[in-house]
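Heads up: the structure comes next, in C-alpha cells.
The values are calculated or read from the model by the stated rules, or taken from the named source; none is laboratory data. Just so we're clear, the structure is a prediction, and the values are computed from it rather than from any experiment. Note: ideal-geometry Cβ built from the backbone for every residue, glycine included; neighbour counts use all protein chains shown.
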Amino acid sequence: MTGRSGEAMEILKRLAEQLGEPLYSSQLAAFARYGELILEWNRRVNLTSVSDWDELQVRLFADSLALAPYVRQACAEAGDACRLIDIGTGAGIPGIPLKLVLPWIEVTLVEATGKKVTFLEAAIQALELSGVRAVHARAETLAHDAGYRGVFDVATARAVAPLPALLELCLPFCRPGGWGIFPKGAGVDGEVAGARRALEILGARLVAVEPVQIEALRGTTIVVVRLERPVPERYPRRPGMPAKRPL
C-alpha cells in the first residue's frame with residue numbers, strides 16, 4: 001500500500017477492540033484504503049467535514065462500528081440474507097464500515113447527490129465489495145418504489161435529520177419486524193421525546209436508547225426502534241416535507 005493506506009490504523013484498532021469488534025489485519029487494510037479514498041476525493045467533492053486522519057478513524061469509522069453489535073443482533077433473524085439500507089450515506093457512512101465488519105450482509109447505499117454516488121461507486125470497486133450497491137435517489141421518492149419498500153431488515157442513517165423526520169425517511173424501507181438503528185449525538189433525549197407521535201403513526205416502537213460506553217465516543221448514543229406493522233402508504237411524504245413538518 002502507498003500514501004495514507006500505509007499509515008497505521010492504531011486508533012481504529014484500539015477503539016474496535018474496546019467496542020468488542022476486533023479487526024483482522026485485512027479489515028484494517030481495507031479501512032485504511034477506504035480512508036485514503038475519502039480524503040483524496042474530499043479535496044474535490046464535499047463528502048465530509050472530517051479532514052484529519054486520526055479524526056476520520058474516530059468520527060467516521062469507530063462511530064460506525066458502534067452500530068455493529070446492534071446490526072448483528074437484528075440480522076440474526078434474517079440469517080445469511082440480511083439486507084441493510086443506509087439513507088443519506090454521503091461518503092458511505094455507516095454502511096461501508098458495517099459491510100467491512102459484517103461481510104455477509106447486503107448493503108444498499110442511498111444518496112441524493114450525484115457526485116457522492118460517483119465516489120461510492122469508485123469506493124465499492126476499489127474495495128472489491130460484493131453485495132453493496134449505491135443508489136442515486138431521495139429517500140422520500142425511493143421509499144415508494146416497490147423494489148425498495150418494506151424489504152429491508154435494517155435501516156440506518158447518520159447525521160441526516162432529527163429523529164422524527166429520520167423515522168419517516170427510513171422506516172418505510174423496513175419489513176414488519178425490521179429495525180431502525182441510528183447513531184445520535186447531543187440532544188438525543190429531546191429527539192426521542194419528540195418522536196413519540198412519529199413512532200405511533202409509522203407503526204414502530206422504541207426498543208433502546210443506549211450511550212456508547214467508550215471514552216472516545218462519549219456523546220454518541222444508539223437509538224433502536226422496531227417496526228411492528230407496515231408503514232402507511234402515504235409515508236414518507238413528498239421530498240422535503242419530513243424535515244419541514246416532522247410528524
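Flag: residue 26 matches the condition of being small (Gly, Ala, Ser) and farther than 23 Å from residue 114 by Cβ. Condition check for residue 77 on (1) within 16 Å of residue 226 (Cα to Cα); (2) under 19 Å from the mean Cα position of the chain (by Cα): one failure, at (2).
Of 65, 19, 15, all but one fail to be closer than 21 Å to residue 129 by Cα, within 19 Å of the chain's Cα centre (by Cα) and crowded, with 18+ Cβ neighbours inside 10 Å; the exception is 65. Has segment 178-185 got at least one residue that is of a type outside the set (D, E, K, R) and modelled with pLDDT under 95? Yes - at least one qualifying residue is present in segment 178-185.
Residues that are part of a loop (DSSP other than H, G, I, E, B), within 18 Å of residue 69 (Cα to Cα) and of a type in the set (D, E, K, R) within segment 203-247 comprise just one, 218.
Residue-by-condition table, conditions (1) under 26 Å from residue 247 (Cα atoms); (2) at pLDDT below 95:
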| position | (1), (2) |
| --- | --- |
| 80 | no, yes |
| 93 | yes, no |
| 101 | no, no |
| 108 | yes, no |
| 116 | no, no |
| 128 | no, no |
| 134 | no, no |
| 140 | yes, no |
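Of the residues making up segment 59-82, those that are in contact (Cβ under 8 Å) with a residue 40 or more places away in the chain, of a type in the set (Gly, Ala, Ser) and closer than 19 Å to residue 21 by Cα are 62, 64, 66, 68, 74.
So that you can scan it fast, the table gives a plain yes or no per residue for (1) more than 17 Å from the chain's Cα centre (by Cα); (2) surrounded by 19 or more Cβ atoms within 10 Å (Cβ to Cβ):
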{"site": "83", "(1), (2)": "no, yes"}
{"site": "91", "(1), (2)": "no, yes"}
{"site": "119", "(1), (2)": "no, yes"}
{"site": "122", "(1), (2)": "yes, no"}
{"site": "131", "(1), (2)": "no, no"}
{"site": "139", "(1), (2)": "no, yes"}
{"site": "147", "(1), (2)": "yes, no"}
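Per the conditions (1) surrounded by fewer than 23 Cβ atoms within 10 Å (Cβ to Cβ); (2) under 26 Å from residue 17 (Cβ atoms), the sole criterion not satisfied by residue 56 is (1). You will find that of 40, 36, the residue that is crowded, with 19+ Cβ neighbours inside 10 Å, of a type in the set (D, E, K, R) and touching a Lys or Arg at 6+ places or on another chain (Cβ under 9 Å) is 36 and no other. Filtered by the rule that a residue be buried (at least 18 other Cβ atoms within 10 Å of the Cβ) and either at positive phi or part of a strand (DSSP E or B) (or both), segment 171-202 gives 174, 178, 179, 180, 181, 182, 183, 184. Scan segment 205-225 and tell me whether some residue there is surrounded by 15 or more Cβ atoms within 10 Å (Cβ to Cβ) and more than 27 Å from residue 59 (Cβ to Cβ). Scanning segment 205-225 turns up no residue that is surrounded by 15 or more Cβ atoms within 10 Å (Cβ to Cβ) and more than 27 Å from residue 59 (Cβ to Cβ).
Residue 180 meets the conditions (1) touching a Cys at 6+ places or on another chain (Cβ under 7 Å); (2) without any contact (Cβ under 8 Å) to a residue 24 or more places away in the chain in every case but one. The failed one is (2).
Take residue 231 and decide whether it is crowded, with 18+ Cβ neighbours inside 10 Å, β-branched (Val, Ile, Thr) and under 14 Å from residue 173 (Cα atoms).
The answer is yes for residue 231.
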